[in-house]
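The values are calculated or read from the model by the stated rules, or taken from the named source; none is laboratory data. Everything numeric in this text was worked out from a predicted model, so none of it was measured. Here Cβ is always computed from backbone atoms with ideal geometry, including for glycine, and neighbour counts include all displayed protein chains. All accessible areas refer to the heavy atoms of the entire protein, side chains included, with ligands and DNA or RNA removed. Shrake-Rupley method; radii C 1.70, N 1.55, O 1.52, S 1.80 Å.
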Amino acid sequence: MSRFTSRLLNWYRQNGRTLPWRGHRDSYAVWVSEIMLQQTRVETVIPYFEKWIKRFPTVKALAQSSEQDVLNLWEGLGYYSRARNLHQAAKIVIEQYNGELPHDLDALRELPGIGRYTVGAIASMAFGMDEPTLDGNIRRVLARVFDVSEPADSRAGEKILWELAAKHLPKGEAGNYNQALMDLGATTCLPKNPHCLICPVMCLCKAHELGIQEKRPVMKPKKKTPHYIHAAAVIEKNGRVLLAKRPSKGLLGGMWEFPNARVNGDPAKELAKTIQTATRLKVRRKEALEIVEHAYSHFSVATHPFRCELVSMPENQNLKWVRVGELEDYPMGRIDRQIARQLN
DNA sequence: AACACGTGGGA
DNA sequence: TTCCCAAGTGT
């Protein structure tokens, strides 16, 4: 075992985090946690994980649930294709693998939502296999300790990093090794202001020696997400409001929302016309609500809800009248949920 | 290879 | 306010 690995594992025994999915015998729990943790903070995931395991305790329970129920539990977590993929994969595991996640790496990789990282995580943590993995934390730790100057998100950089991860992997302890790397990255080897003075591998770290910690890993410049303003209509009739279901693919796939459309100029001026065009409803503006603007930091939308009077009924199958008190049953993105809550 | 895909928190 | 990030995957 390399000095690097030895120090890392020793640190992990004392400093590893206690998390709800660790120590679970069940590979399903590991699987669920890994999917939820993709691009998502641990603190955000914990309550969702607890709820999820209570509501869907087994692969079978998940497979037999409706997509509506699944998306409802995922609401607020973001990246909703993860929920749809997890649901779909559960059905495959029931039908093709007798309800047990396959130990075969290729079979695992073919399940929707399970990529190279998740295969390594599940194989090592749930099955005790000697498999490396590479996530944002591990990438950062390795790029610093071994001074990888190649862009970490390039083909060449990834190859180098996967090889480093594999090279230092201790036989029989891959699960602890992978989790140790992730914990070190999450608690000590931080993207900004890393805590080098308390790092167990400081004395081995090339980036620290050169004083270039924050210059590793090298990343390709990323494009920023555009910001659009949408107008949303709260259309009431007989104590119900009109909801629209988004297409199952793409942004907020499968989620419900208030009929809305993008606006360009002055929202107040374009509202009725825009909504009318978007929903093919004949609507008449009746009473303006307080204008609310929600700005996302990544994908961005702003909404301007208003009440309006329905003139004619559309035949769109994705539209549904829902009692205000039952809006909670319909999975929505955060903006629409915020509007829904304002309706009381 | 480059992009789309959510959200909440911190600087 | 604006920007960047945080346990990736699918196309």
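The figures follow:
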quantity	calculated
Segment A:172-216 and segment A:51-95: distance between their alpha carbon centers, rounded to Å	34 Å
Accessible area (Å², per residue) of segment A:109-266, counting only protein heavy atoms and a probe of 1.4 Å	49 Å²
Accessible surface of segment A:27-125 [probe 1.4 Å, protein heavy atoms]: carbon and sulfur percent	46 percent
Anchor A:K171: aspartates and glutamates whose Cα lies under 13 Å away (excluding residues fewer than 8 positions away in-chain)	A:D130, A:E131
Prolate/oblate/rounded call for segment A:27-125, Cα gyration tensor, a/c under 1.5 rounded	oblate
Stretchable slack from A:E328 to A:T225, in nm (0.36 nm times residue separation minus alpha-carbon distance)	34.2 nm
Charge tally in the Cβ shell below 14 Å around A:P217, where Lys, Arg are +1 and Asp, Glu are -1, A:P217 excluded	+4
Two-site label geometry, A:M129 and A:N238: point separation in nm, points 7 Å out along Cα→Cβ	5.6 nm
Local electrostatic count at A:I114 - Lys and Arg +1, Asp and Glu -1, tallied over other residues with Cβ under 15 Å	-2
Violating pairs (Cα-Cα greater than 26 angstrom) within the set A:K60/A:K159; A:K51/A:K245; A:K159/A:K222	A:K60/A:K159
Set of segment A:42-65 residues, backbone N closer than 11 Å to the point 7 Å along the Cα-Cβ line of A:K91	A:63-65
A:S65-A:Q14 pseudo-label distance in nm [points 7 Å out on the Cα-to-Cβ vector]	4.1 nm
